[in-house]
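Visitor: Would you mind keeping the following structure in view while I ask a few things?
The values are calculated or read from the model by the stated rules, or taken from the named source; none is laboratory data. Given the structure is predicted, the values throughout are model-derived calculations rather than measurements. Please note: Cβ atoms are built from the backbone with ideal geometry, for glycine as well, and neighbour counts cover all protein chains shown. Side chains are part of the model used for accessible areas, which takes the heavy atoms of the whole protein and leaves out ligands, DNA and RNA. Shrake-Rupley method; radii C 1.70, N 1.55, O 1.52, S 1.80 Å.
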Amino acid sequence: MASVALSEAEKVYIVHGVQEDLRVDGRGCEDYRCVEVETDVVSNTSGSARVKLGHTDILVGVKAEMGTPKLEKPNEGYLEFFVDCSANATPEFEGRGGDDLGTEIANTLYRIFNNKSSVDLKSLCISPREHCWVLYVDVLLLECGGNLFDAISVAVKAALFNTRIPRVRVLEDEEGSKDIELSDDPYDCIRLSVENVPCIVTLCKIGYRHVVDATLQEEACSLASLLVSVTSKGVVTCMRKVGKGSLDPESIFEMMETGKRVGKVLHSSLQSVLHKEEGLGPKRQKVGFLG
């Protein structure tokens, strides 16, 4: 993960500020930086989104392809995640430097989507045991400015909201053989419900307090963080501790409560922005991921 070198004096300044609920950039401990969300930015995908959170820049593309259902879930489709850590984000990702981080992020995404309530996977089934839609979710890290997991989870939810899957019909002839017919109408498609798709809220323990949406400088002052996956109703679906430090049970409980509170606000703001952007239709000005 991208890191930054700080002197002891700078660390003391940041830690003491957090204790007073005053961070270096003027935010309180539970405040996010300005989040920019734009959907439908990549033309050759089924759905896409770009999210900028401070100096963190994420691009997500979703591609729907036909596949065969898994043996243990014959009447469901499934999602596949791939994370690419671009060397443009930080020199540390050059060569194979970002592979471990990419695998860690992908595994975290698999964990938070590994429950029936996140996405209705049965709606992705075309013909049980034979055909289903497979959603390939590609995440590209364009810039790292702290709080990667939160930004990626927001971008994935926005991209899934933007995803349009062609409607198909299964035709069966007299001999019993099945044929799949795709609709020619680009507007005849199915949309995924992202109501229950969780977002990640990362809480970094700094001194005796914890903060959300930490910058790279604040992450350098934190020895332990808690990733909390929260739905729009404030339900925690998954938790994970990262970092070398330890967390006492009381701190974990406080961080969970903060995560649920902050997560509900994050979901509400994101849904509002997504519906507002979609309401503009072709009138909205596209910036694109190169903007």
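Visitor: Could you check N75 against (1) polar (S, T, N, Q); (2) open to solvent by less than 20 Å² (accessible area, probe 1.4 Å); (3) touching a Lys or Arg at 6+ places or on another chain (Cβ under 8 Å) and say which number it fails?
Guide: The number of the failed condition is (2).
Visitor: Which fully enclosed strands (runs of 3 or more DSSP E) of segment 186-269 have 3 or more residues being within 30 Å of V134 (Cα to Cα)?
Guide: By residue number, 189-191, 199-206, 224-230, 236-242.
Visitor: Could you tell me how many of the residues in segment 85-96 are exposed (fewer than 15 other Cβ atoms within 10 Å of the Cβ) and out of contact with any Asp or Glu (no Cβ under 7 Å at 6 or more places or on another chain)?
Guide: Within segment 85-96, residues that are exposed (fewer than 15 other Cβ atoms within 10 Å of the Cβ) and out of contact with any Asp or Glu (no Cβ under 7 Å at 6 or more places or on another chain) number 5.
Visitor: Now for a separate question. Consider Y187 carefully, then state whether it is open to solvent by 80 Å² or more (accessible area, probe 1.4 Å) and either touching an Asp or Glu at 6+ places or on another chain (Cβ under 9 Å) or under 30 Å from F93 (Cα atoms) (or both).
Guide: no
Visitor: Which of the residues that make up segment 110-142 are closer than 19 Å to V201 by Cα and part of a strand (DSSP E or B)?
Guide: Correct list: V139, L141.
Visitor: With S153, S193 as the choices, which residue is within 23 Å of T56 (Cβ to Cβ) and of a type in the set (S, T, Y)?
Guide: Of S153, S193, the one residue that is within 23 Å of T56 (Cβ to Cβ) and of a type in the set (S, T, Y) is S153.
Visitor: Exactly one condition in (1) under 16 Å from T202 (Cβ atoms); (2) more than 27 Å from the chain's Cα centre (by Cα) is not met by S7; state its number.
Guide: Going through the list (1) under 16 Å from T202 (Cβ atoms); (2) more than 27 Å from the chain's Cα centre (by Cα), S7 breaks only (1).
Visitor: Got at least one residue in segment 58-66 being under 23 Å from L270 (Cα atoms), open to solvent by 20 Å² or more (accessible area, probe 1.4 Å) and not in a strand (DSSP E or B)?
Guide: So far as segment 58-66 goes, no, none of its residues is under 23 Å from L270 (Cα atoms), open to solvent by 20 Å² or more (accessible area, probe 1.4 Å) and not in a strand (DSSP E or B).
Visitor: Determine whether L223 is open to solvent by 60 Å² or more (accessible area, probe 1.4 Å) and of a type outside the set (D, E, K, R).
Guide: Yes.
Visitor: Pull up segment 213-241, narrow it to residues that are in contact (Cβ under 8 Å) with a residue 40 or more places away in the chain and of a type in the set (A, V, I, L, M), then point me to the one that is nearest to C144 (Cα to Cα).
Guide: Only one residue fits best here, namely L216.
Visitor: Quick check: is even one residue across segment 22-35 farther than 24 Å from T258 by Cα and not in a loop (DSSP other than H, G, I, E, B)?
Guide: The answer is no; no qualifying residue exists.
Visitor: Applying the selection to segment 185-213, what residues are under 14 Å from the mean Cα position of the chain (by Cα) and within 14 Å of E257 (Cα to Cα)?
Guide: Scanning segment 185-213 gives I200, V201, T202.
Visitor: Still on this structure, please answer the following. Collect the residues in segment 18-39 that are farther than 14 Å from T215 by Cα and either over 16 Å from the mean Cα position of the chain (by Cα) or loosely packed, with under 14 Cβ neighbours inside 10 Å (or both), keeping them in residue-number order.
Guide: Hits for segment 18-39 are Q19, E20, D21, E36.
Visitor: Moving on. Going by the conditions given, is E80 closer than 30 Å to Y208 by Cβ, open to solvent by 20 Å² or more (accessible area, probe 1.4 Å) and out of contact with any Asp or Glu (no Cβ under 8 Å at 6 or more places or on another chain)?
Guide: Judged against the criteria, E80 is not a match.
Visitor: Continuing with this model, one more query. Here is a check on your reading of the model: is G176 at positive phi and either modelled with pLDDT under 95 or not in a strand (DSSP E or B) (or both)?
Guide: Yes, satisfied.
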